[in-house]
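Only one structure is covered here, and it is reproduced in the block below.
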Amino acid sequence: MESVAAGPGPATYDRIGTGYRLICRPDPRLHSLIGQALEGARTVVNVGAGAGSYEPEGADVTAVDPSDVMLDQHPGVRKVKAGAECLPFPDGSFDAAMAVMTVHHWPDVRRGLGELRRVARRQVVFTWDPAHRPELWLLEEYLPEIRELEYARFTPLSEVVDALDAHTVLTFPIPYDFSDGFQIAYWRRPEFYLDPVVRQASSTFAQLAPSVVEPEMAKLRADLDSGAWRRRHAELLDKESVDYGYRLLIAGETFGPQ
Ligand SMILES: C[S@@+](CC[C@H](N)C(=O)[O-])C[C@H]1O[C@@H](n2cnc3c(N)ncnc32)[C@H](O)[C@@H]1O
């Protein structure tokens, strides 16, 4: 593995990254959407690559991440330890750059997005809009502390769109059986939040003290046992997917058929 100066921020993933692949299984519907956005790109740099989810099949992918624990779980052969803010590649090195659920970890989002634009001709970024409503019931009813953490680290979508100069913004409603371990994944399967292994895969949950989380999870368990949760959220139980503010942004060149 090539090693260059890492940006700040990998400590959380060095701590929670072990076993990440068990819970964070790429969702095929999101994979397909990202694949379409990257269509025609033969060389791709995946920034904040983690374990390599959502990389396009058939392209030459270079994985970049500042966390050793995450890079160790990446199955690829081209792996570079670096932060998004200082990518160790010459201008225009790649057909496309991708960044999936990582921008909120970058200490300087504008600089990182500028780096994506510098090293690649197309940019594909998947992120969450903190201003979007509705929000997950978990925040309102059990853990408002999550809201505070999320607001502190997610950049408003309009700023990400602006810094990237995105020409396309696509909505990705979260399916009820979403397979990746995002905190939102269990909006219709509340019992999953009771599992400490599931919670540990979420960087937000992992930052909360057990003394905050555990009493609220006991409350959720009681609400599930009594049927109170189901009565409160009856309208969710019929839904196949909900728009919770997840967006795919596309910027730069579009490539024609190969
Ligand atoms: C939620 S994971 C997403 C991983 C992968 N993109 C995926 O979709 O599964 C966030 C990743 O961002 C990485 N990260 C943290 N700080 C970063 C930075 N400054 N630059 C690039 N990546 C960073 C973490 O190490 C972690 O692998």
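Numbers for the structure displayed
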item	result
Partners for Lys219 among lysines (Cα-Cα distance below 29 Å; same-chain residues under 8 apart left out)	Lys239
Between 0 and 90°, nearest 10: helix 210-226 axis offset from the chain longest Cα axis	60
The chain, helix-only ellipticity at 222 nm - DSSP H runs n ≥ 4, -39,500 (n - 2.57), divided by all residues, nearest 500	-9500 deg cm²/dmol
Total formal charge among the other residues, if their Cβ is under 10 angstrom from that of His31, Lys/Arg +1 and Asp/Glu -1	-3
Reciprocal of mean inverse Cα separation for region 148-202 (Kirkwood radius, Å)	13.6
Descending principal axes extents, region 32-89, alpha-carbon based, whole Å	29, 22, 18
Histogram of C-alpha separations across the chain, 5 Å bin width, %	1, 6, 13, 17, 19, 17, 12, 7, 4, 2, 1, 0
Protection proxy ranking of 65-75, 46-56, 150-160 - average other beta-carbon atoms within 10 Å, highest first	46-56, 65-75, 150-160
Acute angle (nearest 10 degrees) that the helix 144-153 long axis makes with the longest principal axis of the chain, alpha-carbon atoms	10
Summed side-chain charge close to Asp243 - residues other than Asp243 whose Cβ falls under 13 Å, Lys, Arg +1, Asp, Glu -1	0
Fraction of antiparallel bridges per DSSP, region 2-252 only, in percent to nearest 5	40
Charge tally in the Cβ shell below 14 Å around Ile146, where Lys, Arg are +1 and Asp, Glu are -1, Ile146 excluded	-4
Estimated inter-spin distance, Val77 and Leu139, nm [label 7 Å along Cα→Cβ]	4.3
Extension gain from Leu194 to Leu237, taking 0.36 nm per residue of separation minus the Cα-Cα distance	13.6 nm
Label point at Ala131 placed 7 Å out along Cα→Cβ; residues across region 83-114 whose backbone nitrogen lies under 18 Å	104, 109-110
Protection proxy ranking of 185-197, 205-217 - average other beta-carbon atoms within 10 Å, highest first	185-197, 205-217
Rel. contact order, % - alpha carbon contacts under 8 angstrom, at least six apart, the chain	22
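Read the figures in this text as sums done on the coordinates, not as results from a lab. Values in this document were obtained by computation on a predicted structure and should not be read as measured data. Cβ coordinates were reconstructed from backbone atoms using ideal geometry, including for glycine residues, and neighbour counts include every protein chain displayed.
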